[in-house]
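Below: the structure, in structure tokens.
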Amino acid sequence: MNAIETGLKDCFILEPRVFGDSRGYFFESYNKSVFKKAIGLDVDFVQDNQSFSTKAVLRGLHAQAGEFAQAKLVRVLQGEVLDVAVDARPDSNTFGKHVAVLLSAENKRQLFVPRGFLHGFIVLSETAEFSYKCDNLYNKDAEWGVIYNDSQLNIDWSLPTDNLLVSDKDRLLPSFEDAIAQLKLKTN
């Protein structure tokens, strides 16, 4: 496994070793000891999730707060997405910065999104199946998020914004600045 630093602390692109022949291919998508050695962090994944979406579906930007924060290891099983991770850790020197990575069934890349990051993706292919491992169980009360088109984050989602398919819930998310202020109020 090849770990590529993204420029955001503890956030990595992972490329597996793929073994192919005339029959197809094989690769190890996850091995705890190899993963730990590659990124230098000991992460205990406890939940796997999968979603199916059509072209231009944008899911995000989401996170969980406090003791329910989640680190995620994400990948695409079918199709292609632009995956985005935003550093929302106020004490981080890359606070408010993001990384956007093309993940596809073809390139087999994965993105490790640490705790304290917002996460989202947009489907670039006709359909996509998206899989992610989480190191903490989902807790609805700890859920928070930021509007996908926040001007401070200035994320280029690679598709025209008037064509995006975004849930009503995600369209009502606050700005990055307001969401961080709300989180600070809850923790004080």
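Values quoted throughout were computed directly from the atomic coordinates according to the rules given, and no laboratory measurement underlies them. All figures in this text were calculated on a predicted structure; none of them were measured in a lab. Methodologically, a virtual Cβ is constructed for each residue, glycine included, from the backbone with ideal geometry; neighbour enumeration extends over all protein chains shown.
Summary of values
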| read-out | value |
| --- | --- |
| Karplus-derived HN-Hα couplings along segment 51-59 (A = 6.51, B = -1.76, C = 1.60, θ = phi - 60°), whole Hz, x at Gly and Pro | 9, 10, 9, 9, 3, 6, 6, 10, 10 |
| Cβ-derived FRET efficiency at R0 30 Å, residue 67 paired with residue 42, nearest 0.05 | 0.95 |
| Principal axis box of segment 57-109, alpha-carbon based, largest edge first, Å | 36, 22, 19 |
| Förster-model FRET efficiency, 41 Å R0, residue 138 and residue 19, C-beta, rounded to 0.05 | 0.75 |
| Charge dipole magnitude, Cβ of K and R +1, D and E -1 - segment 1-148, Cα centre, debye nearest 20 | 160 debye |
| Pairwise label distance in nanometres, residue 95 with residue 33, each label 7 Å out on the Cα-Cβ vector | 4.0 nm |
| Of 157, 18, 34, farthest towards positive along the dipole that unit charges on Lys, Arg, Asp, Glu beta carbons give segment 2-187 | 34 |
| Globularity ratio of the chain, using Cα Rg and 2.2 N^0.38 Å | 1.01 |
| Max mean-square fluctuation residue, GNM over the chain, Cα-Cα springs under 10 Å, options 89, 23, 171 | 23 |
| Descending Cα extents along the principal axes, segment 1-86, whole Å | 47, 35, 27 |
| Cα-projected label distance for residue 156 with residue 50, points at 7 Å along beta-carbon direction, nm | 3.3 nm |
| Stretch gain in nm, segment residue 182-residue 169, where the contour uses 0.36 nm per residue and the Cα spacing is subtracted | 3.0 nm |
